[in-house]
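I have placed the structure first, in the form of structure tokens, so that the comments after it can refer back to it.
The values are calculated or read from the model by the stated rules, or taken from the named source; none is laboratory data. Owing to the predicted nature of the structure, the values given are computational and were not obtained by experimental measurement. Every residue, glycine as well, gets a Cβ built from its backbone with ideal geometry; the counts of neighbours run over all protein chains shown.
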């Protein structure tokens, strides 16, 4: 409706402060300030005359989602600083607006108030163009909230005309007296009740409509507008309540699923913990079993080797005495059989050590030529007995000194050559070493053992590396053995980082070969003490006259509890012209060393009262009271593992010799450590 006027007037402002008119062409419209949604038809376009005028064209059903996007453009426009520390004239064209929900109006009003406050500006007057009666009423409701004075005009041109024309604008009369009847008051109260309590009732649906000239018309319109806004809020509240209930239902379902998942996780964790506990227990049981197995093998080997030492030692001494041909044949047969038995026992013990993973991981320097010389000296007699030629070929480019695992390399090659000798009846066996690759720090070698033996059928090549396997397992097979030699060689080669392979044709011979990498030490000087020395239990020597170069007055203390071993070792030492005194345990040995000076102590490890390790530690102590705490102590024991050797070294022993002991090995040991006494 058109506003009523009173006599009070005010002048319409001229934005230029002069009489120059303003036009649309003077207004700046930047693309960053505009918003249009083609799908919904909503648009929101802004323009500025800096610090003077702000105009907006808007249209469509302006819902909150579109309003939020439009207000982003409004933020951008204010951000340019074109309205700052000033009063400006506001023009808003509502001709294309279909509707603006209550939430949209609240959002817009709050944003505009905030921006005006942020940039210290405010509209001195606002021209509303093309607003419907309902929209005018709506704008009146929050005109005070946005702190603006609204003037309603039909179009933007009308607003510009008023702005450009100095004239007096009448202000709507605020205090005009009106008269209403009690009936009209009752009808208005009835409408308010219907609108308040009946959500389906609207102003148009009732017969309460009054003419625009009626003094209560504006009140009816305001109540209707408020009712529409209330319905919108109720609808929004219901939607929100529905969403909240829906979210709560989803939360309950999620919590229920989470509870189930939590239970499942807890059950899985419990099962997992049980499995972990079982695995830990299985690991403990396995470690106990391995320890028990190692202890059993150590004990059984000690018990077997002890009498074997006596047989081998006494047989060797017997062979050194005058014998007729028949007696010598018998003695040689006993000696060969005991050596084979000893080799078999060593293979079983080696296999057990390798299976348990107790291999020494510390590398050391060695002379590769010396290593192959040792192999040759050990096996040449065995090869010659079968009429075989055993040769070694190392290319000149291979360095003499290398760093690696010499003991394991020696053992692997020994087993490969012994295997070749076993299955070769005529011809030759060639051990060759070639360079595969080389760098300043490392060298990779191909080591091969080639024979002219019986060969391997194609279908059985994979079987030869399996433990306890013989190609001919029948009762009439020609070759004996446990089938552990190649298995042990394979384990040792793989430990050194190589892979054992075979090239063979039946009745044409075999070639077992592998590659291994070694470190090239910067200093190639290597002393005799650094060179690989063979495990004493591996040395098989042919019978030769003994070298009696030691002074017979040298006295050796033999610490040994086994009577048979006392007799065997004493006989061997006497044969080498040594005088022997015996102590049955470590305590007796310490007492003897307090009374006399000896050139050497040969110490067993396992003895009652005090064993060899403990006795050595006591002898090396300054408080022991022995005459010579630095006396040479050599361990002589049936326990020959790496761990045993390390324990002996850590205790302070000077050397280690394994039972059964051969005379040449014992003589070599004495030549190394014994200096003739004056």
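In region 28-86, how many residues are in contact with a strand residue (DSSP E or B) (Cβ under 7 Å, 6 or more places away or on another chain) and without any contact (Cβ under 8 Å) to a residue 24 or more places away in the chain?
5
Return the residue satisfying two criteria in turn: it lies in region 424-450 and is surrounded by 18 or more Cβ atoms within 10 Å (Cβ to Cβ) and over 14 Å from residue 392 (Cα atoms), and of such residues it is nearest to the chain's Cα centre (by Cα).
The qualifying residue nearest to the chain's Cα centre (by Cα) is 443.
Please go through region 362-398 and give me each residue that is closer than 20 Å to residue 441 by Cα, touching a helix residue (DSSP H, G or I) at 6+ places or on another chain (Cβ under 8 Å) and surrounded by fewer than 16 Cβ atoms within 10 Å (Cβ to Cβ), ordered by number.
364
With respect to residue 32, is the statement that it is at pLDDT 90 or above and either surrounded by 20 or more Cβ atoms within 10 Å (Cβ to Cβ) or part of a helix (DSSP H, G or I) (or both) true?
When the stated conditions are applied, residue 32 passes them.
Yes/no per residue for (1) modelled with pLDDT of 90 or more; (2) farther than 15 Å from residue 46 by Cβ:
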site	(1), (2)
58	yes, no
63	no, yes
83	yes, no
89	yes, no
99	no, yes
126	yes, no
130	yes, yes
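Somewhere in region 42-55, is a residue within 21 Å of residue 108 (Cβ to Cβ), modelled with pLDDT of 90 or more, touching a helix residue (DSSP H, G or I) at 6+ places or on another chain (Cβ under 9 Å) and not in a strand (DSSP E or B)?
Scanning region 42-55, I find no residue that is within 21 Å of residue 108 (Cβ to Cβ), modelled with pLDDT of 90 or more, touching a helix residue (DSSP H, G or I) at 6+ places or on another chain (Cβ under 9 Å) and not in a strand (DSSP E or B), so the answer is no.
Here is a yes/no grid of residues against (1) touching a helix residue (DSSP H, G or I) at 6+ places or on another chain (Cβ under 7 Å); (2) surrounded by fewer than 15 Cβ atoms within 10 Å (Cβ to Cβ); (3) modelled with pLDDT of 90 or more; (4) assigned to a loop (DSSP other than H, G, I, E, B):
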| site | (1), (2), (3), (4) |
| --- | --- |
| 573 | no, no, yes, no |
| 588 | no, no, yes, no |
| 606 | yes, no, no, yes |
| 635 | yes, no, yes, no |
| 645 | no, no, no, no |
| 649 | no, yes, yes, no |
| 665 | yes, no, no, no |
| 675 | no, yes, no, yes |
| 678 | no, yes, no, yes |
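Exactly one of (1) over 30 Å from residue 406 (Cα atoms); (2) in contact with a helix residue (DSSP H, G or I) (Cβ under 8 Å, 6 or more places away or on another chain); (3) modelled with pLDDT of 90 or more; (4) not in a loop (DSSP other than H, G, I, E, B) is unmet by residue 564. Its number?
So the condition that residue 564 fails would be (3).
Read through the list (1) surrounded by 18 or more Cβ atoms within 10 Å (Cβ to Cβ); (2) free of Cβ contacts under 8 Å to residues at least 12 places away in the same chain; (3) part of a loop (DSSP other than H, G, I, E, B), then give the number of the only condition that residue 639 fails.
Every listed condition holds for residue 639 apart from (2).
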